[in-house]
Amino acid sequence: MITVLCVEDEKDVRELIVEELEEAGMHVLQAENGKEGLETILEQRPDIVISDITMPEMDGISMLGELQINYPQFSNMPFIFLTALADREKMIEGLGAGAESYLTKPIDFDVLMAKIHGLVVRIENRVAAGLEF
Amino acid sequence: MPNKTWINLPPWALLASRDILRAATANRRLGDILSEITDVITGIADLDLASQAALYLGECGQEGHRLIYHRQSEDFSFPLVIDPENISDSFPQGWGRMSFYPVPLAAEQDGRIIGSALFFGRTAKRMSAQKQSILQLLGQEIARIIINRGGPSGNLIDLVELSTDEIYIFDPLSLSIIRANQTASIRTGHSIEALTRLTPAQLKVDMGEETYRRHLAPLLTGNCNSVCFDARHRRRNGTVYPVKVQVWRIRGGEDGDFYAELAITTADQRKAFGLLEQVFDAIPGGIGVFDKRSRLLMANRRLYDLMNIPPEQFPPGSRFEDILRYNATRGEYGDGNVEAMVRERVEQAELGLPYSFERERASGKVLAVRSEPLSGGGYVLSYTDITLRKRAEKELIRNRDELEATVRQRTAEIAAQAAALEEALKQEKTINAMQRQFVAMTSHEFRTPLAIIDGAAQRLMRKKGGIEADFLVDKTHQIRAAVMRMVDLMESILSAGRIDTGRMELTLVDCSLKKLIEQAIHRQRMFSQNHRFQGFLEDLPDVIRCDALAISQVVTNLLGNAVKYAPRAPDVTIRGWREGDFAMISVQDQGVGIDADDIPKLFQPYFRARTSTGIAGTGIGLSLVKQVVTLHGGDIALESRRGHGSTFTIRLPIAGPVMPSIEPQLEETAF
């Protein structure tokens, strides 16, 4: 089963995403900010991370940066930004940090889920090919 | 006529001829004589003397021809002294580019020579015999004119009386004056009678009897008939003038010899001295000439004025130190030992070095004093009144200082303006940056509740299996909360806009602050279920006059902040109490806190504290709170430290703002 980590400080938003993912049959981990998210990633090694950017303690881009620099073993882990920051500069910054996708709020669940499914297929293929466990 | 004859004439004869002319002057006849002579000369056209010549009437003595009268010639500077040795028999004799022609003035009747005339002119080197004879005739003619006009008697006493030089006849043993002439009286200022009580030595400055006798010594031996020396005579009024002294030994027969002193103030000397006196008096400053022994030789009137010393007390011959002592005693030189001050000044004057200084007199007059040494010893002191100049200088300095001060002030003003402009520009840039950030944040702030609403709606549509009642309630709840959030957000942005443009008006009503706060807490609890709100509101006044909606917004904002900036510290304490005429409300959290240097800027629109990094917000909430509270005539205080939470305290006048922006409304809004 695919494990997805949802990092989001807005409780209501987080709940909606979690519902959607769980309904799609995924195992969902939750974190309220970047710091918690980073801890969860290191401990539970999720397959996919969906993260907000603007969060207290540690924002999403910092979390990804931290991961890329200090934990290269996670550099292949798909990372999706899901943020209310819709400006172009921020999108460039987020993708430049190594994100797989940069999606903006309000959330289009069809797009989000298509992205997730695409990633799931890729991951399963790699596992089937014996590239990953 | 042999020329030598007149050259070797006894000096008395020459004197006589000269004195005749002088006497004529006194009788105002010289002008007549001279104009006649001039007529004669100009009548002899071929002598070529008319335009260029100078007529030089004079005596020939030991010291050469002395000028008595001359017609002005552009080619000469008179007076000239001509060495008698150089006068030969031959005509003409060279004198620079000029020639002169000595002509004896011989009386027609007896051939007696009464004087001589020298004709100067730019004539041929050699004069024709004819011209020479004409000149001889001219000499006779001049003699005739002179004799006809007043004629010399040849009598010694007459000569003495007529002389325009001072003549003193005195006893060689006692030196007492037997007789003095009118000129002596006029020049010295003593009466003739008074002069007979004096000796020639007493008339002289710095010359004692002994010295005088030493000068006369050669006469006593009988080896010579006359002696000459220079001296200075002092007038009765104290002024001094130089004289050339000739003393003659006159054989007096039975009465024994007596001496005659001829004190000559030569025409040029006299003229120069007179001129000097005039010049001295014309000088605006005070001038005093002192000899090497610091005795006053000569001074002008102004010197006495400026030094403020009485002229009669300090005539020429006075000692400089006496003048100084007089002044020192009066306190002109300040306090101190009088003798020491006098000595110091005399010593400096006698050093023989030029010096100058400025001195302010007790009267306030400022004097510039200057001393210039004289080549033969002695010195000239000059006093200049520079009071006005000093005053002008002070004025000038004052003006300059004022100008400098003005320039400094203007420069400072310009610098201040520049700084203000720079500050304004900086502020403008900051505001721009804050506004850009605000737009980005606003967009973010709207998108978040929108995401909830849209997300909840999508979830309702996408829910697999049937929608249960709980799920529906849950989603509806989320949607409503998000909508509420958006409304609040919109309200605060609109309020901020209204306040910014000065259009915000308070709608004042009497309301219960306690109820208003409780409702705000209640609303906040709905959104912030992780936080605990504790209210202590019992001490609040029952009713206060305020814009209930605006104050409600204020409290909501503070509560919202207490939650937002304290994600990990759930305790929020709200207190309310009364202080005099004011209602006090404080909201305390245990959150991130605020850096001390961020606190002053915290209420500026769009400003966000550094500790807010990563926490969404527009930066307008607190500025709005501040404006609303200020409009109510209250204020807001903040106590905070990074990492130690914040306490915001609001003070509102219970009676409402002093100048309500609109008429109070009658109805009471219930809370």
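General remarks:
- For the stretch B:580-624, the tally of residues that are polar (S, T, N, Q) and part of a loop (DSSP other than H, G, I, E, B) stands at 4.
- Residues in the stretch A:1-37 that are away from every other protein chain (no Cβ under 14 Å) and over 21 Å from B:Asn530 (Cα atoms): A:Met1, A:Ile2, A:Thr3, A:Val4, A:Leu5, A:His27, A:Val28.
- Looking across the stretch B:334-375, the residues that are farther than 24 Å from B:Pro284 by Cα and in contact (Cβ under 8 Å) with a residue 40 or more places away in the chain come down to B:Val346, B:Glu350.
- Among the residues listed as B:Ser528, B:Ser495, the single one being surrounded by 14 or more Cβ atoms within 10 Å (Cβ to Cβ) and touching a residue at least 60 places away in the same chain (Cβ under 8 Å): B:Ser495
- Some residue of the stretch B:433-442 being touching a Gly at 6+ places or on another chain (Cβ under 8 Å) and away from chain A (no Cβ under 14 Å): yes
- Residue list for the stretch A:57-96, restricted to those being assigned to a loop (DSSP other than H, G, I, E, B), in contact (Cβ under 8 Å) with a residue 12 or more places away in the chain, surrounded by fewer than 19 Cβ atoms within 10 Å (Cβ to Cβ) and more than 10 Å from chain B (Cβ to nearest Cβ): A:Tyr71, A:Ser75
- Evaluated against (1) under 30 Å from B:Leu472 (Cβ atoms); (2) part of a strand (DSSP E or B), A:Val13 falls short on exactly one condition, (2).
- Check on A:Ile116, among the aliphatic types (A, V, I, L, M), away from chain B (no Cβ under 14 Å) and within 30 Å of B:Ile453 (Cβ to Cβ): no
- Top-ranked residue of the stretch B:452-470 - restricted to ones that are assigned to a helix (DSSP H, G or I) and loosely packed, with under 10 Cβ neighbours inside 10 Å, ranked as nearest to the other protein chains (Cβ to nearest Cβ): B:Met461
- Checklist (1) at the interface with another protein chain (Cβ under 9 Å from one of its Cβ atoms); (2) surrounded by fewer than 20 Cβ atoms within 10 Å (Cβ to Cβ) applied to B:Lys475, failing item: (2)
- Screening B:Glu428 against (1) farther than 30 Å from B:Asp281 by Cα; (2) surrounded by 14 or more Cβ atoms within 10 Å (Cβ to Cβ) leaves a single unmet condition, (2).
- Exclusive hit being farther than 17 Å from A:Thr54 by Cβ, touching a Lys or Arg at 6+ places or on another chain (Cβ under 7 Å) and among the hydrophobic types (A, V, I, L, M, F, W, C), set B:Leu425, B:Leu460, B:Leu421: B:Leu460
- Verdict on B:Thr448 being within 14 Å of chain A (Cβ to nearest Cβ) and either part of a helix (DSSP H, G or I) or under 30 Å from B:Pro284 (Cβ atoms) (or both): yes
- Residues (closer than 15 Å to B:Ala637 by Cα and either out of contact with any strand residue (DSSP E or B) (no Cβ under 8 Å at 6 or more places or on another chain) or surrounded by fewer than 15 Cβ atoms within 10 Å (Cβ to Cβ) (or both)) located in the stretch B:598-620: B:Asp598, B:Pro600, B:Lys601, B:Gln604
- Considering the conditions (1) within 14 Å of another protein chain (Cβ to nearest Cβ); (2) in contact with a His (Cβ under 9 Å, 6 or more places away or on another chain); (3) hydrophobic (A, V, I, L, M, F, W, C), B:Leu506 is excluded by exactly one of them, (1).
- Residue in the stretch B:615-623 that is of a type in the set (Val, Ile, Thr) and within 14 Å of another protein chain (Cβ to nearest Cβ) present: yes
- Test: B:Thr430 is within 30 Å of B:Val366 (Cβ to Cβ), over 15 Å from the mean Cα position of the chain (by Cα) and without any contact (Cβ under 8 Å) to a residue 24 or more places away in the chain: no
- Qualifying residue in the stretch B:538-560 (condition: modelled with pLDDT under 90, more than 20 Å from B:Gly634 (Cα to Cα) and surrounded by 19 or more Cβ atoms within 10 Å (Cβ to Cβ)): yes
The values are calculated or read from the model by the stated rules, or taken from the named source; none is laboratory data. All of these numbers come straight from a predicted model, not from anything done at the bench. Note that we place each Cβ from the backbone using ideal geometry, even for glycine, and neighbour counts take in every protein chain shown.
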